[in-house]
Amino acid sequence: MRTRVLTGGGALLGAAAVALGPPASDATAQAPGKPLGFALKAVGSPSFFKLEGKPGETLRARVRLQSTSRRDRTVLLTGADARTAAAGGLDFGQYGETRRSRGTSRWLELSRSRVRLPAGGVVDVPFSVRVPTSARSGEHFAGVVAFQRPPQAKDGGPKFQLRFVSRVAVTVQVTVPGPRRPALELKDKRVAIAPTGASLALDLRNSGNTLIPKTTGRVTVRQKGRDLFNRSVQIDAFVPDTGVTYTVPWKGVPVEGEYEVEGFLEPQGAAPVSLDGTVKFGRERIREFEQETGRPAIEGGGPPIALIAGLAAAVVALALLAIAYVRLRRRL
């Protein structure tokens, strides 16, 4: 087994402020909102770790914790798998998921998982990256995540509590030599329902072994030859061997029936992807739409059922009034 000491370089991804969105673009990134009181840096690199190693090699690097607070803090460190956020960009999951890693973060071994950071101080934490002998060629992504210990539930307090865990991360890219195979696949498309309304859901996967920096495209949805809406598509960085469901907002309320989808995606560095095909919106989805949104759905290309029932009741009421009026006139 060979061991190399590396410091990383380049400025492709930057460090990630790990919360609910894609990564930030600064190696000292901090989560938005209340300040964490510390920053995380990639030692020897302006942004993130860009390492290269053959199967069986061990690589070494250091992360730096820098206090921005006037009081001492305890900071926890862990490795985390990188995945693709909903609109693209790197995401390192939610609190607690790092313990169930199945990806590149298993290659990382931190010398310390708990650091006492003095006020205004700096602490460097070495870590190693052991490239498995079975590692495939291509780019592999993980992250070193720093966060404060979440608050403990008080005895006698409510059993259900919301906990917000602010974290920061720095990206670790490990490149294993060999051929590059950039590829983006469309696995499925469908009409998706959410409380905010309907959308065209595109199930996408980076089936290649390299990062796709950016993907652009366009999609048009038609019914019976009539254009319903036309949308542009833009997806940020797409991590290899990960998938994401990209949603395109639907215009208005979908009507029961079949829709034609026409469009394309152009992933940077990979072959174009066709979006052409059809999606269906059946009666079961209509009920789901009504339950999720609280709005009436539309069956068979006609008006909502509730509207039809209301109009029928109004017609009956008018007919009864007309009959009563005629009878009254005869008596007079």
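For Ser111, Ser128, the sequence from fewest to most other C-beta atoms within 10 Å is Ser111, Ser128.
Tell me, what is the FRET efficiency for Ala271 and Arg222 to the nearest 0.05, using R0 = 25 angstrom and their Cβ-Cβ distance as r? Can you show the working numbers first?
Details: r = 25 Å, r/R0 = 1.01.
For Ala271 and Arg222, the calculated efficiency is 0.50.
Which entries of Lys189/Lys280; Lys54/Lys187; Lys187/Lys251; Lys54/Lys214; Lys187/Lys224; Lys214/Lys251 show an alpha-carbon separation above 20 angstrom in the structure shown? The answer is Lys54/Lys187; Lys187/Lys251; Lys54/Lys214; Lys187/Lys224; Lys214/Lys251. Shape verdict for segment 209-275, please, from the Cα gyration tensor: rounded (a/c under 1.5), prolate (a/b greater than b/c) or oblate. In terms of gyration-tensor shape, prolate. Going by neighbour counts of Cβ atoms within 10 Å, the residues Leu77, Leu318, Leu228, Leu211 line up, fewest first, as Leu318, Leu228, Leu77, Leu211. Which trypsin sites (Lys or Arg not before Pro) in segment 160-240 pass both tests, a DSSP loop state and at most 15 other beta-carbon atoms within 10 Å? Those that pass, being in a loop and sparsely packed, are Arg163, Arg180, Lys214, Lys224.
Since every read-out is calculated from the coordinates, none of them should be taken as a lab result. As the structure is a prediction and not an experimental result, all values here were calculated from the model. Note that each Cβ is placed from the backbone with ideal geometry, even for glycine, and that neighbours are counted across all protein chains shown.
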